[in-house]
Amino acid sequence: RAKARGKGTFHLFERDLEITQRTRRELEADLKLALQRDEFELHYQPLTSLRDGRVVGFEALLRWRSPTRGFVTPAEFIPVAEATGMIVAIGRFALMAACREAARWPGQIRVAVNISPIQFRTSEFLRDIAAALQATGLEPGRLEIEITESVFLDKTAITMANLHELRSRGIRIALDDFGTGYSSLSYLAKFPVDKIKIDRSFVRDIDGEDGNLAVIEAILAIAQKLSIAVTAEGVETAEQAQVLRVRNCSDIQGFLISPARPAAEIPGLIERVPEDFHRLFPAPPRSE
Ligand code: C2E
Ligand code: MG
Ligand code: MG
Ligand code: MG
């Protein structure tokens, strides 16, 4: 198409492509070094019970501090890590670091770790999980793995076997970004799932005219029937939290409560979050 618009456009297009490819190669090279140079760290975002405001868990979210690029977000480097296969080693690091951190937390507070479909499908995945639990002493019931619906799309038999194996070891399974992918409600009945995470795109427009509230209500209804917990992602306002709370959503995660913070801030969050919550919602929820 660029060619049809004339020579000048064509050259410009080619140069853009060249720059894009070079940028991409440089990012790959830096990413390769990042792991051995220990430039990744995990930040933790609280999941807060809508029933009593307690912190029930934290989601571990990767952060890359590059000495040359500064702070690189997962949206930029995860796709490259997946395309090159580096996500397997990075994901293994995240799993180990998250379990090590969570083993120090009080009570039954859980840690949720994101698992790329690529990592999930490797033959070492179950061993990696066992190794992380073994090395850190974390109880399996305090580990929740977050997968997306895309893992259901192929190698269904292996996926099913892996999920049942994780379940039988007491590890919890959460479906991340629910509603955005190739969602099919039949997955919920077929695969062992402990939790659904409603994607933040539905929460963002919860009070809009475009039916997002209806979608959320339908997800909450089916989850309740199947005894699946529901976390709403991306909750930024008290109004959104209230809408979810009166509809018996289990817990919320979002900037209203806190963004992901470094591990050192976790004890402070465990104390502060319930206080803030009770200021926001002094009365227990009533059903409408
Ligand atoms: P996700 O698993 O859906 O994580 C939630 C994302 O939403 C996080 O972005 C979080 O910072 C952001 N978020 C939380 N609350 C709010 C809010 O109220 N408003 C808005 N606008 N955003 C909110 P983050 O940390 O940039 O991570 C992006 C994605 O990268 C994650 O989405 C996950 O898919 C992936 N990711 C992060 N860490 C890992 C990891 O260790 N392994 C793998 N495979 N993927 C990871
Ligand atoms: Mg997640
Ligand atoms: Mg998510
Ligand atoms: Mg999401």
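Confirm whether residue 236 is over 16 Å from the mean Cα position of the chain (by Cα), of a type in the set (Asp, Glu), surrounded by fewer than 20 Cβ atoms within 10 Å (Cβ to Cβ) and within 14 Å of residue 48 (Cβ to Cβ). Steps first, answer last, please.
Numbers: over 16 Å from the mean Cα position of the chain (by Cα): yes; of a type in the set (Asp, Glu): yes; surrounded by fewer than 20 Cβ atoms within 10 Å (Cβ to Cβ): yes; within 14 Å of residue 48 (Cβ to Cβ): yes.
Criteria met by residue 236.
Considering the range 52-86 alone, what residues qualify as being of a type in the set (Val, Ile, Thr) and out of contact with any Pro (no Cβ under 9 Å at 6 or more places or on another chain)? Walk me through it before giving the result.
Kept after step one, since they are of a type in the set (Val, Ile, Thr), are these residues of the range 52-86: 55-56, 68, 72-73, 78, 80, 84.
Matches in the range 52-86: 68, 72, 73, 78, 80, 84.
Kindly check whether there is at least one residue in the range 254-266 that is open to solvent by 40 Å² or more (accessible area, probe 1.4 Å) and assigned to a helix (DSSP H, G or I).
Looking for residues that are open to solvent by 40 Å² or more (accessible area, probe 1.4 Å) and assigned to a helix (DSSP H, G or I), one finds at least one in the range 254-266, hence yes.
Identify, by number, the condition in (1) away from ligand 2 (no atom under 16 Å from the Cβ); (2) touching a Phe, Trp or Tyr at 6+ places or on another chain (Cβ under 6 Å) that residue 198 doesn't meet.
It is condition (1) that residue 198 fails.
Sort out which residues of the range 97-118 are within 19 Å of residue 162 (Cα to Cα) and away from ligand 3 (no atom under 16 Å from the Cβ), and write them in order of number. Write out each step before concluding.
Taking the range 97-118 and keeping what is within 19 Å of residue 162 (Cα to Cα), we get 112-118.
118 - this is the single residue of the range 97-118 that is within 19 Å of residue 162 (Cα to Cα) and away from ligand 3 (no atom under 16 Å from the Cβ).
If you check 125, 71, 58, which single one turns out to be at pLDDT 95 or above, closer than 23 Å to residue 45 by Cβ and not acidic (Asp, Glu)?
On the way: 125 fails: closer than 23 Å to residue 45 by Cβ; 71 fails: at pLDDT 95 or above.
It is 58.
The values are calculated or read from the model by the stated rules, or taken from the named source; none is laboratory data. As the structure is a prediction and not an experimental result, all values here were calculated from the model. Glycine gets a Cβ as well: all are built from the backbone with ideal geometry, and neighbour counts include every protein chain shown. When the accessible area is computed, the model is the full protein with side chains, heavy atoms only, and any ligands, DNA or RNA have been set aside. Shrake-Rupley method; radii C 1.70, N 1.55, O 1.52, S 1.80 Å.
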